[in-house]
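Asks: Next up is a structure, given as structure tokens.
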Amino acid sequence: PLRPAALRPVSPPYRQEWQQMDIEYTFWQMVHLCTSPKVVYQHTKYHKQTKNQWARDDPAFIVILILFLVFATSAYCAACLERVRPMLL
């Protein structure tokens, strides 16, 4: 049954965006940027020709990149803390 818009449950916008992100393609793109960037360029060029847009439609690449950076920074800080702690005491 259809409800008026005012009575429909509203989900948070971040949840809708997360469900629309193409995580699998993002990981494929990240791996191939390290191993064979030419392939990624060819896919991006094809995307530009078909959709007339260079940018991706979803922010998945940025979100995953930020998560990797946070993880790497945390690991680096933890490793440095273990090395520096004996010098401080």
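The values are calculated or read from the model by the stated rules, or taken from the named source; none is laboratory data. These numbers were taken from a predicted model, which means no experiment stands behind them. For neighbour counting, all protein chains shown are included, and Cβ atoms are generated from backbone atoms with ideal geometry for every residue, glycine included.
Asks: Could you tell me whether any residue of segment 72-89 is within 14 Å of the chain's Cα centre (by Cα), at pLDDT 90 or above and over 15 Å from F27 (Cβ atoms)?
Replies: Among the residues of segment 72-89, not one is within 14 Å of the chain's Cα centre (by Cα), at pLDDT 90 or above and over 15 Å from F27 (Cβ atoms), which makes the answer no.
Asks: Take the residues in segment 24-37 that are surrounded by 13 or more Cβ atoms within 10 Å (Cβ to Cβ) and not polar (S, T, N, Q), then tell me which one is modelled with the lowest pLDDT.
Replies: Checking each candidate, the answer is Y25.
Residues checked against (1) out of contact with any Cys (no Cβ under 7 Å at 6 or more places or on another chain); (2) of a type in the set (K, R); (3) at pLDDT below 70:
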position	(1), (2), (3)
V10	yes, no, yes
R15	yes, yes, yes
Q20	yes, no, no
V39	yes, no, no
Y46	yes, no, no
K51	yes, yes, no
F68	yes, no, no
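Asks: Which count do you get for residues in segment 47-89 that are surrounded by 11 or more Cβ atoms within 10 Å (Cβ to Cβ) and charged (D, E, K, R)?
Replies: The qualifying residues number 4.
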